[in-house]
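The values are calculated or read from the model by the stated rules, or taken from the named source; none is laboratory data. Everything quoted here is computed from the prediction, not taken from an experiment. Counting neighbours? That spans all protein chains shown, and the Cβs are built from the backbone with ideal geometry, glycine included.
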Amino acid sequence: MTFRLEVLISGFGGQGVVLAGRALGLAAVHGGLESTMLVSHGTETRGGYVRSQVVISDEEIDSPVVEKADIFLALSQAAYDRFKHLAKNGLTLYESDLVVAKEDLTRQLAIPARKLAIEELGTELAANMIAMGQIARHLDVMPFAALQKAVAELSKRGAETNLAALGLGFNLELV
């Protein structure tokens with residue numbers, strides 16, 4: 001069965017958007033799938049706009065551009081407002097501390113990633129991995145172990161914290 005899964009992750013610089021996208025793409029490869037990733041950002045280094053577009057498929061990918069996100073992760077209000085139209089029929093996950101969701105999307109879940117990262121792990125820097133764990137919870141195209149392996153490989157420092165955050169997000173039940 002052929003499939004194409006489009007994931008859009010966006011926020012502001014310093015939130016780990018690029019690492020999250022890279023981890024998801026590498027996890028797909030570890031899971032025996034094809035993947036592409038595009039990154040775009042504003043001219044600012046930290047605090048500016050950042051977006052990772054990840055496409056995963058079981059066959060060669062013709063375009064790496066996310067046009068209809070199956071999963072959209074918004075880590076900032078600006079990201080949510082700018083890209084929510086791409087996720088009208090997909091699942092939108094958003095950082096509950098930083099985003100006020102609108103009611104015009106089909107499926108939305110608020111993730112208290114920043115709050116959990118601070119309370120459970122002592123650093124808000126792990127919020128992106130908590131959110132990635134929640135994305136993994138909604139993916140059925142690759143094993144969670146593939147994402148764990150990718151995060152471990154890509155974490156230059158803090159691999160233990162990132163893996164703990166990933167597990168925390170994966171086991172988080174949202175309503």
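Summary of values
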{"item": "In segment 116-144, the residues that are farther than 23 Å from Leu8 by Cβ, without any contact (Cβ under 8 Å) to a residue 24 or more places away in the chain and either in a helix (DSSP H, G or I) or of a type in the set (Ser, Thr, Tyr) (or both)", "result": "Ile118, Glu119"}
{"item": "Yes/no for Arg157 being in a helix (DSSP H, G or I) and of a type outside the set (A, V, I, L, M, F, W, C)", "result": "no"}
{"item": "Selection from segment 154-175 of residues that are of a type outside the set (A, V, I, L, M, F, W, C) and loosely packed, with under 14 Cβ neighbours inside 10 Å", "result": "Lys156, Arg157, Glu160, Asn171, Glu173"}
{"item": "Residue list for segment 31-57, restricted to those being modelled with pLDDT under 95, surrounded by fewer than 18 Cβ atoms within 10 Å (Cβ to Cβ) and at negative phi", "result": "Leu38, Val39, Ser40, His41, Gly42, Thr43, Glu44, Thr45, Arg46, Gly48"}
{"item": "Any hit, segment 96-109, residues being touching a strand residue (DSSP E or B) at 6+ places or on another chain (Cβ under 6 Å), touching a residue at least 60 places away in the same chain (Cβ under 8 Å) and surrounded by fewer than 20 Cβ atoms within 10 Å (Cβ to Cβ)", "result": "yes"}
{"item": "Single unsatisfied condition, Ala23 versus (1) modelled with pLDDT of 95 or more; (2) in contact with a Lys or Arg (Cβ under 9 Å, 6 or more places away or on another chain)", "result": "(2)"}
{"item": "Selection within segment 108-122 - of a type outside the set (A, V, I, L, M) and either touching a Ser or Thr at 6+ places or on another chain (Cβ under 7 Å) or at positive phi (or both)", "result": "Gln108, Pro112, Gly122"}
{"item": "Total residues in segment 100-122, condition at pLDDT below 95 and β-branched (Val, Ile, Thr)", "result": "2"}
{"item": "Count of segment 126-153 residues which are farther than 25 Å from Arg4 by Cα and crowded, with 22+ Cβ neighbours inside 10 Å", "result": "2"}
{"item": "Segment 58-78, residues that are surrounded by 21 or more Cβ atoms within 10 Å (Cβ to Cβ), aliphatic (A, V, I, L, M) and under 20 Å from Thr36 (Cβ atoms)", "result": "Val66, Ala69, Ile71, Leu73"}
{"item": "Residue list for segment 81-93, filter: touching a residue at least 24 places away in the same chain (Cβ under 8 Å) and assigned to a strand (DSSP E or B)", "result": "Leu91, Leu93"}
{"item": "Check on Ala78, farther than 26 Å from Ser155 by Cα, among the aliphatic types (A, V, I, L, M), part of a helix (DSSP H, G or I) and touching a residue at least 40 places away in the same chain (Cβ under 8 Å)", "result": "yes"}
